[in-house]
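Below: the structure, in structure tokens.
No value in this document is a laboratory result; all are computed from the given coordinates. This structure is a prediction, so every number in the text was calculated from the model and none was measured. Here Cβ is always computed from backbone atoms with ideal geometry, including for glycine, and neighbour counts include all displayed protein chains.
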Amino acid sequence: MWNYTEKVKDHFLHPRNVGEIENPDAVGIIGNIVCGDALKITLKVDKKTHKIIDAKFQTFGCASAIASSSVLTELLKGKTIEEAQEISNQDIADYLGGLPEEKMHCSVMGREALEEAIKNYKGEIQPIELQEKIVCKCFNVSEEKIRKVAQENHLTTVEEITNFTKAGGACGSCLGEIEAILKDVWSIKEPIKIETSSPKKLTNLQKIALIQDILEREIRPRLQADGGDIELIDIEGNKVIVGFRAMCVSCPMGGITLKSIEDKLREVVGEEIMVVEE
Amino acid sequence: MNTLYFDNNATTQVAQEVLDSMLPYFRDYYGNPSSMHTFGGQVYRRIEEAREQVALLIGAEPDEIIFTSCGTESDNTAIMSAIETNPPKKHIITTKVEHPAVLNFCKNLGRKGYRVTYLPVDNKGRLEIESFLRAIDDDLAIVSIMYANNETGVIFPIEKIGHILKERKVVFHTDAVQIVGKLPVNVKDLPVDMLTLSGHKIHAPKGIGALYVRKGTRFYPYIIGGHQENGRRAGTENVAFIIGLGKACEIAAKSIQKEINFVKKLRDKLEKGLLNNCPDASINGDRENRLPNTSNISFAFVEGEAVLLRLNEYGICASSGSACTSGSLEPSHVLRAMGVRNTAIHGSVRFSLSRYNQEEEVNKVIEVMPGIIKDLRLISPFGRERLMGKRCST
């Protein structure tokens, strides 16, 4: 059972401003039904004063997602667009008397929907989340979002990032990447680079043995855990040729799987490795 | 506020008779069953009686029962024993929908060089026998397949699988935690080598379980130490809890048929009431072949945690496969393995009944649920168009 404050319970059981404004002056949509939470806010804005006259929301999500949305609309009413821009996810969480760490992403979602709505109000082109570099494929979290949330909330650990954005919360294959992003965010000069340094050059035999070992010990057990499998067909120079087996054959995520295998091999064997399907 | 408890697959209320049977063993008969004196020895005899009671419920011989601390320990012990006694064999077959006690244990072994096959299920949660047959090989150390699924209640063809494995002399373990006490289980007719059961699912307290190990099965203990449980499970016996488990099994054995009819009737009424009164609701799992007490229903366009907390306002206890309720951000692995659409997984609610449920409680759920679903759908940006045409009746 989550430890929700009375305020969260109140806004969950009696959400304010539920619905959709007809002919809104601003719309902000974030999330999708697959992730398990989605939020749509619609605003009515006085065009002269840029003051938000009315705000309504619709949310698909858990108690804290509904409460965060409800609070956001309350915070927005009466503020100018400029003032609204200053509302952070922490403001939403604070208003609720705090949220469980694992649920901070609900407040982040509120802040994001607000940003979308403001951009929409200003007539800027809506950014398409999918065009950004997606780090966490399970929850569709972009690198930009991770950087932003990390900076805004002074997050320094991967675990905190997961609590705030969900990134890395499911399959975990992006945890290394998140760590690299965090390093980059918090160290001023060091450029973002996943550690690849292999000081001495491997012989062909060593390379083949290493690739086999990684596939056997790390990659295959992981795929097998999901009913899939992979077979090493051949190694031609730096080209690793593999064949999908079992559930992997029909899996629509094949491309991602291939890429993650390549990432792993590049990380350990060398940057020049290329993984292709037979 | 009254508690309306519909979460019996999570845990059950301890039966009064069970509690009564246990209390003297805290207060009065606190001797160590291993002691030489009569004071301890009398406790030993009571443990052996409890062993007989547990054995009787599943048609076993008393010396085929090992008391453990819980279902998880029994599961871990069974798998580890098969591996320890079959050192060259490196292949394990289980399913994608096991309880974490088996699933995560196997995943861990997978990281230690064992090859694990996770059998898929179809969209009704049924095991695909063909994929099981294909997975069998000479390297097989153990097959561990649950008897009934905790989330959907779907029952697996353990007898059929057992016969196939018996011919090949492969160790077969089943996690029967959810089925024991809910439907008749008889190991005399069931070709399994090991079977797990747990106390707190059958009105005994948490912290006590048992592992059935068929006579002649090679066994290696998981917890090493003293000679308790015939050297098969070390550690001073959890006397009162063992006696409680024995009592719970005795009650279950006596009343099982009556309870099946009672619980099934209530479950069916609940299910029918919810499906009739809430649009876009559907049952997860094979309706023909599942536990009589379990109902897993998906309400599209709403999120499970929100539903549970609204139910909570009425004192109604249920559970959900939604990501938000898991603590891991991951939606139910069982419903995912079944290929249930994400929208439906997030809105899944499991009701699981017991002998202590009453018809009025079922009526109450049927009364309040349509309003909760309707209300949350009005908040939700999804499925509103459909709601307009086909309203939940309140």
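Below is a table of values for the structure above.
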{"item": "Kirkwood Rh, Cα atoms: Rg over Rh of the stretch B:73-142", "result": "0.97"}
{"item": "Rg [Å, one decimal], Dmax [Å, integer] - the stretch A:6-122, C-alpha atoms", "result": "12.9, 41"}
{"item": "Using distinct alpha-carbon pairs, which all enter the 1/r mean, Kirkwood radius of the stretch B:196-340 in Å", "result": "18.9 Å"}
{"item": "Order of B:241, A:60 - criterion: other Cβ atoms within 10 Å of each residue's Cβ, fewest first", "result": "B:241, A:60"}
{"item": "Overall dimensions of the stretch A:138-186 as given by Cα atoms, namely Rg and Dmax in Å", "result": "9.2, 26"}
{"item": "Residue-count net charge about residue B:196 - beta-carbon cut-off 10 Å; Lys, Arg +1, Asp, Glu -1", "result": "-3"}
{"item": "Rh by Kirkwood over Cα pairs, then Stokes-Einstein D for the stretch B:112-259 at 0.692 mPa s and 37 °C, µm²/s", "result": "194 µm²/s"}
{"item": "Whole-number Å³ per residue for the convex hull built on Cα positions in chain A", "result": "157 Å³"}
{"item": "Order of B:382, B:26 under a 10 Å beta carbon neighbour criterion, fewest first", "result": "B:26, B:382"}
{"item": "Average projected area [Cα convex hull, the stretch B:9-145], square nanometres", "result": "11.8 nm²"}
{"item": "Of all DSSP beta bridges in chain B, antiparallel share, percent nearest 5", "result": "55 percent"}
{"item": "Per-q log10 I(q)/I(0), chain B, q = 0.08, 0.10, 0.13 Å⁻¹ (Debye; single scatterer per alpha-carbon; no solvent)", "result": "-0.44, -0.68, -1.08"}
{"item": "Nitroxide proxy distance, nm - points 7 Å out along Cα→Cβ at residue A:82 and residue A:268", "result": "5.7 nm"}
{"item": "Relative contact order for chain A, counting Cα pairs under 8 Å that sit 6 or more residues apart, in percent", "result": "12 percent"}
{"item": "Entries of A:79/A:103; A:145/A:264; A:166/A:207 with Cα pairs more than 29 Å apart", "result": "A:166/A:207"}
{"item": "Viscosity 1.306 mPa s, temperature 10 °C, Stokes-Einstein D of the protein assembly as shown from Kirkwood C-alpha radius, µm²/s", "result": "57 µm²/s"}
{"item": "The stretch A:204-277 - Kirkwood radius from inverse mean 1/r over Cα pairs (Å)", "result": "12.2 Å"}
{"item": "Net charge of neighbours whose Cβ lies under 11 Å from the Cβ of residue A:168, counting Lys and Arg as +1 and Asp and Glu as -1", "result": "-2"}
{"item": "Average other protein chain Cβ within 10 Å of Cβ, residues A:59-72", "result": "5"}
{"item": "Most to least packed among A:236-242, A:216-222, B:153-159 [average Cβ atoms within 10 Å]", "result": "B:153-159, A:216-222, A:236-242"}
{"item": "Cβ-based net charge around residue B:116, under 12 Å, with every Lys or Arg adding one and every Asp or Glu removing one", "result": "+4"}
{"item": "Sorted by Cβ density within 10 Å, fewest first, the residues B:309, A:39", "result": "B:309, A:39"}
{"item": "Descending semi-axes in Å of the stretch A:41-96, equivalent ellipsoid built from Cα gyration tensor", "result": "21, 13, 7"}
